[in-house]
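For reference, the structure is listed below as C-alpha cells.
The values are calculated or read from the model by the stated rules, or taken from the named source; none is laboratory data. Predicted model only: the values in this text are computed from it and were never measured. Backbone-built Cβ (ideal geometry, glycine too); neighbour counts: all protein chains shown.
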Amino acid sequence: MIGILSNNIDETFLQKLDKPYTIIDDPSNFVDLDGLFIDWVPKTTEYEGAWMEQASLLQTFIKSGISIVIFDRFFSLTEKEVKWVKKFNVKLFEPAINSDRIGFDYLPEWINNCNFVENNNREYDLVYSNEQLEYRIAEFEKWIKDYSRLFPDKKVAYFTNKISEFKAEEYKKDNLILLDTPVYAFGKSTIALDNEKSYKIGHLDSIVFFAMKMGCMPILPAKHKYFHGLFEGLIAHDLQEMNYYVSALSKVKNVVIEEIFDRLKDEWSEFLVDHATDVIRNCYE
C-alpha cells in the first residue's frame, strides 16, 4: 500500500497510480504502508495545517524503512531539511529542468488531459492571473501594465488576491481592469510570466496549461528559454511582438492551442499525468 498526502493532487492521478499498488489518501488509514508520497507544501498561512500534518507523517515514517518520495512543487524544502531527509534515502523531485539544488530529480507539474474550451466569445484581448502578484511584480509591470498603457485599443484584465490600493489605482490609470475572479475564461490570450529565478532554473508554472484548458492562448516570454520548443511561434521578445500575437493569432486561438497540446503529447509528454505516475511508481519497485 502507498500512502498519498497532497492538497494538489486530484482523482485522476490517484486512479492511474493505483496499479499495481493500493493507494490510500486518508492519513488516518496510513497503517502497514509500503511507501509514502508527499506533495510537499510550504510553511505559509494558507497551508499551515497541511504543513504540520506532512511534517508529522515524515517524522513517523522516515525511520520505518519504507520508500518515501517527496515532490517539492513549491521549492519550499530548506537546505537543512533536504540534508536530513537524504540521510534516509528519501527520493526528491522538483519541477525545474536546471535545478540549483543538489539531490533533486526533474518532474514537471503535470496535467491530466489536453481537452480545452473552444469558446471564441471573449471580452478581453489579454489577461493574467496570479494570486500572489508581488512575487512577479516586475515582470507583470513590464509585460501587462506597459502593454495596456502602450496599446489602449486592447482590453486587458488581471486577477490577484493581493494588491495594494496604491498599485490598483496605478494600474487602473494604465487601462488595466482588475477582476474579482480568475480571468482565463474571459480572455483570448495570456502570457506565461514568472520571476527571474524560474526562468533561470527552467520552471514552467502549470497555470499556463490551466489557461489553455480554459481556451486562452498562451504567449511565452523569450526568457523562458527551456520551453521555446513547446511554444514554438509564440515567443515574445518585446511588447510589439506580443501585440502581434494578441492581434493576429488570437483570432485562430483554438487552432494554436490544439497545436501546442499535440506537440505536448508527441514531444513533451513529461508534462502528462501518465509520465508522472510512471516515474513515481518506479520509485517503489
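Worth pointing out:
- Taken as a whole, segment 111-122 holds at least one residue that is hydrophobic (A, V, I, L, M, F, W, C), touching a strand residue (DSSP E or B) at 6+ places or on another chain (Cβ under 9 Å) and closer than 30 Å to ILE144 by Cβ.
- Residue within segment 206-228 that is assigned to a loop (DSSP other than H, G, I, E, B), at pLDDT below 95, surrounded by fewer than 20 Cβ atoms within 10 Å (Cβ to Cβ) and assigned by TED's automatic domain parsing to the domain that holds LYS142 present: yes
- Residue within segment 166-182 that is surrounded by 14 or more Cβ atoms within 10 Å (Cβ to Cβ), touching a residue at least 60 places away in the same chain (Cβ under 8 Å) and not β-branched (Val, Ile, Thr) present: no
- Unique match (being hydroxyl-bearing (Ser, Thr, Tyr), out of contact with any helix residue (DSSP H, G or I) (no Cβ under 8 Å at 6 or more places or on another chain) and modelled with pLDDT of 90 or more) among SER76, SER99: SER76
- Enumeration of residues in segment 144-185 that are of a type in the set (Phe, Trp, Tyr), under 24 Å from MET214 (Cα atoms) and part of a helix (DSSP H, G or I): TYR147, TYR184
- Filter result for VAL41 (of a type in the set (A, V, I, L, M) and surrounded by fewer than 17 Cβ atoms within 10 Å (Cβ to Cβ)): no
- Those residues of segment 127-150 which are closer than 19 Å to LEU220 by Cβ, surrounded by fewer than 20 Cβ atoms within 10 Å (Cβ to Cβ) and of a type in the set (A, V, I, L, M, F, W, C), in sequence order: ALA138
- Single residue of segment 263-285 satisfying the filter (charged (D, E, K, R) and closer than 14 Å to ASN112 by Cα) that is surrounded by the most Cβ atoms within 10 Å (Cβ to Cβ): GLU270
- Candidate set: segment 108-126, residues that are among the aliphatic types (A, V, I, L, M) and buried (at least 17 other Cβ atoms within 10 Å of the Cβ); chosen: the one nearest to the chain's Cα centre (by Cα): ILE111
- The set of residues in segment 236-250 that are surrounded by 13 or more Cβ atoms within 10 Å (Cβ to Cβ) and assigned to a helix (DSSP H, G or I) comprises LEU239, GLU241, MET242, ASN243, TYR245, VAL246, SER247, LEU249, SER250.
- Unique match (being in contact (Cβ under 8 Å) with a residue 40 or more places away in the chain, more than 25 Å from GLU131 (Cβ to Cβ) and hydrophobic (A, V, I, L, M, F, W, C)) among LEU17, LEU5: LEU17
- Across segment 140-158, the number of residues qualifying as among the charged types (D, E, K, R) and out of contact with any helix residue (DSSP H, G or I) (no Cβ under 8 Å at 6 or more places or on another chain) comes to 5.
- Scope segment 195-204; condition part of a loop (DSSP other than H, G, I, E, B) and either at pLDDT below 95 or of a type in the set (Ser, Thr, Tyr) (or both); matching residues: ASN195
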